[in-house]
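Computed from the coordinates by the stated procedures, all read-outs in this text should not be read as laboratory data. Just so you know, these numbers come straight off a predicted model, no measurement behind them. Neighbour counts are summed over all protein chains in view; Cβ atoms, including those assigned to glycine, are modelled from backbone coordinates with ideal geometry.
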């Protein structure tokens, strides 16, 4: 990796101490990489290593993830993540010091947050890539989002109570955590799985290892952006947008399920032999698609 990899930094948002890495190349156009749920900023290392030749890349650890602080309470909401991204761009002056707006690439939860941010501040984004950042397919029925408000709140209370008693899993060795990582995504090479495990876990005082993310990120808030509000935000995104999904993932094709319709300028790409982590599963294909998109 260039110069031994990225440098580590801290910023503050809603009184939380949040972490991000900077890949340097300060005179290049700015790019923000936003990871998914229960993930961390170093999951982007292979993408960043390639794209940092042409971009000044920063990649945050979202609140409750990686080396960022966990929030007090149990409600990790999209709107708070959007605020964190807005604060990161403002405090680092990543965008304000450049002649062009920022390019954003987000995965899963990070893709959803990136889409929402770009809908709130469309003038600040020049290109946008979202890897499966639109949530479960519309065909999926049931769940708390279809309940009346009292049902959603009751479901949320029950879910938080369960999570409050769930202790972070402890793996006897780093090798055990690595094996769990490979089981979670069989597409990963051994080197990828080890890298993600090393940067995604902490060693506990007793010598065991646990994942860095807060278990409370597993729950979904009872209130937040509705489907209609989300589509309205997507309709405000004025920059070219690339929606990527893996052929072997649970995600559906946003072009065929109607979720790509609100976008003003959208391109949808399916990546074969890839699951939810398309940027890991087929790195070279993903980079080729993204570079072609960014060059247009």
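Summary table
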quantity: Per-residue Cβ neighbour rank within 10 angstrom, fewest leading, 10, 21; calculated: 10, 21
quantity: Most fluctuating residue given options 123, 269, 228, as computed from a GNM of the chain linking Cα atoms under 10 Å; calculated: 228
quantity: Neighbour-count order for 121, 81, fewest beta carbons within 10 angstrom listed first; calculated: 121, 81
quantity: Chain lengthening between residue 166 and residue 210 when straightened (0.36 nm per residue, less Cα-Cα); calculated: 14.5 nm
quantity: Gain upon complete extension [residue 17, residue 296; 0.36 nm per residue less C-alpha separation]; calculated: 96.7 nm
quantity: Inter-centroid distance (Cα atoms) of the range 211-237 relative to the range 112-179, Å; calculated: 7 Å
quantity: Within the range 1-84, percent of DSSP bridges classed antiparallel, to nearest 5; calculated: 75 percent
quantity: Within a Gaussian network of the chain (alpha carbon springs, distance under 10 Å), most fluctuating of 127, 212, 93; calculated: 93
quantity: Shape call, the range 54-204: gyration tensor on alpha carbons, a/c limit 1.5; calculated: oblate
quantity: Max mean-square fluctuation residue, GNM over the chain, Cα-Cα springs under 10 Å, options 187, 276, 150; calculated: 150
quantity: Estimated inter-spin distance, residue 53 and residue 228, nm [label 7 Å along Cα→Cβ]; calculated: 4.9 nm
quantity: Rounded FRET efficiency, nearest 0.05, which uses the C-beta distance separating residue 140 from residue 120 and R0 of 30 Å; calculated: 0.70
quantity: 222 nm mean residue ellipticity, helices alone, for the chain (DSSP H n ≥ 4; -39,500 (n - 2.57); rounded to 500); calculated: -10000 deg cm²/dmol
